[in-house]
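Here's the structure we're looking at; comments come further down.
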Amino acid sequence: MMSESITSMFFKSWEFIQDLIKSDSFGYTTIIISLLVSRMLLTSEFVAFTALWGLLYLCLNIYWAMNYWKIRGVKHFKPWPIVGNMARVLKLEYHLAYYYDEIYNAFPGERMVGMYEFMTPSLVLRDTELIEQVLVKDFSTYPDHGPFLMEPKSILFESVFAMSGIRWRAIRNRLLTTFTTGKMRVIFPQILAPCQSFVKGKPKCLNVEIINELAVKIFMTAMFGINILPTGEEELMINCKRIFEPKATRILQLIFLTYFPKLSNVLNLKFMPRDLDDYFRSLMNTILDQRENIDFERNDYTKVLVEMRKQEKMNIYNMRNDKVSQTFDMTNEIALSQAFMFFFAGLDTVSLLILHLAFEFSKSKYCQDKARQEVRSVLKKFNGYSWEAVREMKYLEQCILETLRLHPSLQFLVRITDKDTELGGVKIKKNTRIVIPIHSIQMDPKNFTDPNKFDPERFNVENQQNKFAHLPFSDGPRVCLGNHLKYISIKNT
Ligand code: HEM
């Protein structure tokens, strides 16, 4: 009788521990908590068995996790238990992107390098063929970014950036209709106006604040069709700055949200402070309400969002017979999320690019003069600014591409495997993080000779570059959504 109850206790506690561990990569913390609870509630035998099996499972779990790449024959730096290779990132000595650079450069002969982001095995790709496979050819195996910075209640959680599966595809396709060349041509004057008044204002210096202000004005007029802000301009600028505030506590919080999403949920960690989230929710709601109530017939991004939030359901059609194959609920939250996404996905990326371009021009008088000359002669030819004129500024575009090579706004991409698979002859498990270190690849002399030199001629049409060695906007079905918009706004500035 006694042995029967011990056996059943054993299995129950074993299943219990397994469930806990599966529930999060940091599941063992939950075991420790449960042990404390069980100690208070249950018999001493149960406590002893849970403790014993919990400890054993924990040790095995750490052992297997920390040998993931060794077993697979993938080169890697030796990890520490639990923190893996993240100790210096955790101590805030290193930005994660620099750590990827270090790993990338340490194994020059390899197609891929293993890494341990805490207990999560990640694969850092070095080979452009593998990158093409992940981003494009086998996209269905690597469709999502995985847990990334935000928690489920965040205003960003329903944005295309964070969405996955069929909902992602449907919303993305719907938004894409607003980024066509035709639509961009229509909003061109609204992009131009804030740029021209910025230049007329003769700013004495260029810094993140000034450029962010310009980018916000461009988004407001071009994408939301608003000249006068619904709330105070100063407050908006302060809050935009707060989105990416580089405070140590904030950075640690974002690391937690990315690597331990379930634990972060328990600890109530947030992507943005609640007041900031509330501020942007209310701003986006006001913008969409205003647009719904005024007679503004521009067929643009905001119009699509207004239409979206009026819908109760969204249908997904079968490409072959054009019949509805699936349906999902549309919510106000989905529309709000896409509206806010501009600030998240567009603001810092565009501002950083403009600043870096100005920085490179300040160092290279030759390139600056050549770009200025081109702008002047194109404006003369087209009799001033127009969509066509801006598109003809080829050298300026080369300068932008070269700036993005040296200073990519996003230094790495992440994909998560959605099933067990094989990549470059290595068997990898479902949920493995695949890292594409854009900065490291673009600074690799194998891909670009003399990589530290600012040389826009690399992107001259005659110099064909390997497409998958230059990925500032990524590639494949998840390529940056704002492609057309950013070129035009940056060239105008
Ligand atoms: C210089 C400016 C920009 C750069 C360098 C840039 C770069 C990128 C990169 C590298 C990605 C990641 C794609 C991936 O994971 O494969 C991305 C995604 C995205 N970008 Fe941009 N971006 C810029 C501006 C913008 C703007 C202005 C918008 C405005 C809507 C935007 C919207 C997005 C969205 C929605 C995604 C997620 C796409 C998806 O997951 O389906 N970006 N961008």
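None of the figures in this text is laboratory data; all of them are computed from the coordinates on show. Values in this document were obtained by computation on a predicted structure and should not be read as measured data. In this analysis, Cβ positions are derived from the backbone assuming ideal geometry, glycine residues included, and neighbour counts consider all displayed protein chains.
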Write down the radius of gyration of the range 131-220 and its Dmax, each obtained from C-alpha positions, in Å. 18.2, 50
Give the calculated FRET efficiency between Val324 and Lys303 to the nearest 0.05, with a Förster radius of 22 Å applied to their Cβ-Cβ distance. 0.40
Whole-Hz ³J(HN,Hα) from phi, Karplus 6.51 cos²θ - 1.76 cosθ + 1.60, for the range 337-348, glycine and proline x: 4, 5, 5, 5, 4, 4, 6, 6, 8, x, 5, 5
Determine Rg/Rh for the range 254-357; Rg is computed over alpha-carbon atoms and Rh is the Kirkwood hydrodynamic estimate from the same atoms. 1.06
For labels at Leu92 and Phe148 in the simple 7 Å Cα→Cβ model, what's the distance in nm? 2.4 nm
Rg in Å to one decimal, and Dmax rounded to a whole Å, for the range 199-287 via C-alpha atoms: 16.1, 51
Give me the Å³ per residue figure for the convex hull around the C-alpha atoms of the range 73-184. 174 Å³
Report the Cα-based extents of the range 329-479 along its three principal axes, largest first, to the nearest Å. 56, 46, 25
In nm, the gap between the two label points placed 7 Å beyond Cα toward Cβ at Glu129 and Glu235 is 5.8 nm
How far is helix 483-492 tilted off the main Cα axis of the chain, in degrees rounded to 10, range 0 to 90? 40 degrees
Under 21 Å Cα-Cα from Lys247, which lysines qualify once same-chain neighbours fewer than 8 residues away are excluded? Lys91, Lys270
Cys240: net charge of surrounding residues, Cβ under 12 Å, Lys/Arg +1, Asp/Glu -1, itself excluded? -4
Under the Karplus relation with 6.51, -1.76 and 1.60 and θ = phi - 60°, whole-Hz ³J(HN,Hα) for the range 168-181, x at Gly and Pro, equal 4, 4, 5, 5, 4, 4, 5, 5, 4, 5, 8, 10, 6, 4
Working only with C-alpha atoms, what are the Rg and Dmax values of the range 342-431, expressed in angstrom? 19.5, 59
For the chain, average projected area of the Cα convex hull in nm²: 28.7 nm²
So how do Trp53, Trp80 line up by other beta-carbon neighbours within 10 Å, fewest first? Trp80, Trp53
In whole Hz, what ³J(HN,Hα) sequence does the range 201-209 give by Karplus (6.51, -1.76, 1.60; θ = phi - 60°), x for Gly and Pro? x, 6, x, 6, 9, 10, 9, 4, 4
Please give the FRET efficiency for Ser282 paired with Arg391, using the beta carbon to beta carbon distance and R0 = 60 Å, rounded to the nearest 0.05. 0.95
At R0 = 22 Å the Cβ-Cβ FRET efficiency linking Asn460 and Ser377, nearest 0.05, sits at 0.80
The answer for the longest stretch of the chain without any exposed GluC sites (Glu not before Pro) (DSSP loop, at most 12 further Cβ atoms within 10 Å) is 94-296
By a straight-distance test (C-alpha under 17 Å), which lysines pair with Lys446 as possible cross-link partners, with residues fewer than eight away in the same chain excluded? Lys467
Here the percent of antiparallel bridges among DSSP beta bridges lying wholly in the chain, to the nearest 5, is 85 percent
Label model pair Val266, Val199: point-to-point distance (7 angstrom along the Cα→beta-carbon line) in nm is 5.7 nm
